[in-house]
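Here's the structure we're looking at; comments come further down.
Here, each number is a calculation from the coordinates, and none is a lab measurement. Quick caveat: nothing in here was measured; it's all calculated off a predicted structure. Cβ placement follows ideal geometry from the backbone for every residue including glycine, while neighbour counts extend to all protein chains displayed.
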Amino acid sequence: MRRLRIFSAVAGIALLAACGSNGSDDGTTAVPEDGSGTSESETTAEPASIVSTKWILKEVATADVSLQSADDGPSAWLQINDAGEVTGSTGCNGFGGSAEVGEGVVTFEPLLATKKGCSGELGEIDTAMLSVLRGEVTAEVSGDSLTMTNADGDVLTLTAGEVPSGEL
């Protein structure tokens with residue numbers, strides 16, 4: 001009877017070990033049936049988080065202006081840390097303050113910004129970006145893109161990225 005229990009235990013362990021294996025002991029991974037070499041879990045990227053991600057401005061659209069951030073000029077960006085502190089730059093003026101991040105919503109306390117005079121397109125981006133980042137805005141993350149819309153329908157489109165050195 002004791003031999004039967006030992007045999008059953010060993011067989012059970014072997015069965016569990018076999019269930020946890022992909023059937024290959026050579027370190028290879030099974031290729032999906034479509035032959036792509038990439039499994040579905042590898043292609044489904046987690047969207048970036050609103051918190052702790054550096055968001056670079058790509059476009060701002062208000063009732064008065066619709067502008068895209070210039071690739072060759074100073075970067076406009078923002079970041080909200082885990083403590084709810086906001087830091088950023090409009091490409092002309094730096095700003096900071098606090099924000100509360102909720103499900104699909106970010107509520108900005110009044111932000112403090114430097115007061116450099118910005119002319120032309122840079123001045124328009126400065127004004128428009130700071131006007132969107134007031135009070136409660138809806139926030140939607142899709143992949144590495146963030147869209148923020150205020151109550152007036154003004155929109156910031158940002159992308160996750162790194163701020164060039166010297167622009168922090």
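Things to note:
- Projecting label points 7 angstrom from Cα along Cα→Cβ for Val65 and Thr138 puts them 2.5 nm apart.
- Distance between the pseudo-spin-label points of Ala83 and Val105 (7 Å out from Cα toward the beta carbon): 2.6 nm.
- Cα extents of region 55-160 along the three principal axes, largest first (Å): 36, 25, 25
- Computed from point charges on the beta carbon alone (+1 for Lys and Arg, -1 for Asp and Glu), the dipole magnitude for region 72-168 about its Cα centre is near 320 Debye.
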